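Below is one structure, written out as structure tokens, with a few remarks after it.
The values are calculated or read from the model by the stated rules, or taken from the named source; none is laboratory data. Since we're looking at a predicted model, the values are computed, not measured. Cβ sites come from the backbone with ideal geometry, for glycine too, and all protein chains shown count toward neighbours.
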Amino acid sequence: MESSARREEAVLTPREIYERLDRFVIGQDTAKRAVAIAAHNHLKRVQARRLRRQSLIKKSNILLIGPTGSGKTHIARNLADILHVPFTTVDATEYTEAGYYGKDVEVMISDLLFKANHSVEDTQRGIIFIDEVDKIARRSQGARNGAGSRDIGGEGVQQALLKLLEGREVYVPLNVTQAWNKSDFVQVDTRDILFICAGTFSDLHDYGDEGGRPVGFGAEEAAKRSRKRISTKQLVDFGMLAEFLGRLPVVVQLEKLGEPELIRVLTEPPDSIIREFRELLALDDIELEFTDGGLREVVRYSVDRGLGARGLRSILEFVMADIMFEAPERRRRNVEVDADFVRQRLVGLDSAQIGL
């Protein structure tokens, strides 16, 4: 079968990428525009190299900074679908410096290779999403030049990632479930792999929790505009290596989603949670209807506990548990979920009970 990398397709414009992202990602307009531009430049770089043209275009690796549940992973996953490239998500905390117990950073390339059905050509144009990157900040108190105590899970991982982010030919294991085998590896060029790193960096940014809710007409938008951007110096002081940040030229800050955005997350996207529940119950000939009050109760619970969009599914799974359990026995009936029903189900529920 012909590799997808060989199919010549017109490079999507930033507007086209943005509009496709906008169908699935609610809010975060500034972030979606920045990601669309970076993705467009990445496609042009890949195309130029494929045509063997000399190009000055540098890699557009991305750093997403935002609170939990603001859509960092969601943006990256949908971007990969839009670009029709292999995609994998890895957790930065799983990796250690080479030579120590834990995963070497090359294993994340092996994960991408597996997602690309072991096509090296497709792997070399894929996307790797590295989550929890703020957790590999420098933790040792030694000298900043690397002397002193080893920080094998923090600074050591950042240093190991430098070669991948910049672009090198590396040897990666073919089987990610087994230890390294010298006869069981493949060479992969990471120059055209787009890396998207993400973290909350919660100690650096006020996402609007302190000082109460904004008051007055337009206060919410004014508060967003007044928030200062996180500077490179702040990230370095946080414990990120300057060399590491230098290989992530596109820095995007995401805002905390408010109640209006979370209600849209529940209902508007083609793959929204409410649509999914309706489809599940429709298979049992049950018509599900959520009232505006019921949706607002779910969203308010998530906002009050700082769960963001990520917590909506867990909350709804708990709210809908009895209905889903009885669904096969309640054929040809209408079910309405209103504010009173949601409040009764959420009494005494806290984040630990729903695994958040």
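If the condition is being in contact (Cβ under 8 Å) with a residue 60 or more places away in the chain, in a helix (DSSP H, G or I) and over 10 Å from the mean Cα position of the chain (by Cα), then segment 38-77 contributes 38, 39, 42, 45, 46, 49. With respect to the conditions (1) in a strand (DSSP E or B); (2) modelled with pLDDT under 90; (3) not polar (S, T, N, Q), residue 128 lacks only one, and its number is (2). Residues in segment 268-318 that are within 21 Å of residue 73 (Cβ to Cβ) and among the acidic types (Asp, Glu): 268, 271, 276, 317.
Mind checking whether some residue in segment 295-305 is at pLDDT below 90 and farther than 30 Å from residue 19 by Cβ? Checked segment 295-305: at least one residue is at pLDDT below 90 and farther than 30 Å from residue 19 by Cβ. Note on segment 231-263: residues that are surrounded by fewer than 21 Cβ atoms within 10 Å (Cβ to Cβ), more than 19 Å from the chain's Cα centre (by Cα) and in contact (Cβ under 8 Å) with a residue 40 or more places away in the chain total 4.
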